[in-house]
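The values are calculated or read from the model by the stated rules, or taken from the named source; none is laboratory data. Not measured: the values here are computed from a predicted model. Here Cβ is always computed from backbone atoms with ideal geometry, including for glycine, and neighbour counts include all displayed protein chains.
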Amino acid sequence: MDVQRFIDNAIDEIRREVKGKAIIALSGGVDSSVCAVLAHRALGENLVPVYVDSGLMRRFESERIVELFSHLNLMKVDASERFLNALRGVTDPEQKRKIIGETFIRVFEEVASEVGAEYLIQGTIYPDRIESEGGIKSHHNVGGLPLHIEFKGIIEPMRDLYKDEVREVARALGLPMEISERMPYPGPGLAVRIVGEITREKLEVVRTANAIVEEEISSFKPWQAFAAVIGKATGVKGDNRVYGWVVAVRAVTSRDAMTADVLELPWGALRRISSRITGEIPGVSRVVYDITPKPPGTIEFE
Ligand code: XMP
């Protein structure tokens, strides 16, 4: 791929198609970030990039994204209470996904009509199109829900790119490595890393555990590495028996996320992760390493 030619063509296309204001949902993932930078180069002030904080993001993630994209006039919408309220008491994985997808869409629609944006720019890439059965994805990374709002145009300048090409464009645009080389992160965020109901307590546990796992495993270059809260079990801390959280650690290698192998971590790294998670998070009584490839396990837990 001729990266510079792709960039010039994408900017031309956006300028040609958009007449007035356009909106883009920027999650901080590599696809939406690249797309937002291209769109900003094309439209300047007429682009409204929106970051929706679902309350399901990793530690310091929202703050970092706001910092990284402040030069694009990023609009941050804190919808965390709304997401957590909608998810209260819900245990079924599909139901959780559906609620999160719906809430994203509604928040996004509200913002679009508030700012008077008539065009939608999306960072959809080629594998997304194959997955989405021919329909236009209504929200990149959230998956397939219909927008109630009518846009005059939907522009997807990266529709023919593969992930590795997106990363190349990211580097050429001068995006920092923490974006261009970013691990994939699911749209529903930490919700798919908590088995069962989402509570503030479990979110706090899983957020800290994810931060520890990322710190300890990033040098082993996983496709994805993360922690999930999968239940409760008895343990002993100090002189007391405790009924605490079970944290599963998962680290995989993959080419396309369709299949995945377990990363064979050195024993010392696993031991360090276990001792950090149980030592730094009081409510955790047990740490397990998931040794299931995909298939039959999925990468995420829900
Ligand atoms: P699974 O868990 O199905 O995940 O093996 C495959 C890849 O997709 C990510 N993933 C998601 N991404 N919305 C997303 O945007 C989702 O609902 C979702 N579920 C999983 C996962 O992190 C992995 O990279």
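Just one residue in the set Ser54, Ser80, Ser62, Ser70 is assigned by the TED database to the domain that holds Pro127 and touching a residue at least 60 places away in the same chain (Cβ under 8 Å); that residue is Ser54. Only one of the numbered conditions (1) outside the structural domain of Ser275 (by the TED database); (2) under 15 Å from the mean Cα position of the chain (by Cα) is not met by Val195, and that is (2).
Given the conditions (1) within 16 Å of the ligand (Cβ to nearest atom); (2) of a type outside the set (Lys, Arg); (3) touching a residue at least 12 places away in the same chain (Cβ under 8 Å), which single one is not true for Ile273? Just one mismatch for Ile273, condition (1). Here are some residues: Ile291, Ile281, Ile194. Which one is in contact (Cβ under 8 Å) with a residue 12 or more places away in the chain, surrounded by 20 or more Cβ atoms within 10 Å (Cβ to Cβ) and farther than 22 Å from Lys96 by Cβ? The match here is Ile281. Restricting Lys232, Lys237 to residues that are more than 16 Å from the ligand (Cβ to nearest atom) and either of a type in the set (Val, Ile, Thr) or modelled with pLDDT of 95 or more (or both) narrows the list to Lys232. Annotation: Phe83 fulfils all but one of (1) among the hydrophobic types (A, V, I, L, M, F, W, C); (2) modelled with pLDDT of 95 or more; (3) under 20 Å from Gly123 (Cβ atoms); the unmet one is (3). Considering only the range 100-117, state which residues are within 16 Å of the ligand (Cβ to nearest atom) and surrounded by fewer than 17 Cβ atoms within 10 Å (Cβ to Cβ). Across the range 100-117, the qualifying residue is only Glu102.
Consider Val246 carefully, then state whether it is within 20 Å of the chain's Cα centre (by Cα) and surrounded by 16 or more Cβ atoms within 10 Å (Cβ to Cβ). Answer is no for this residue.
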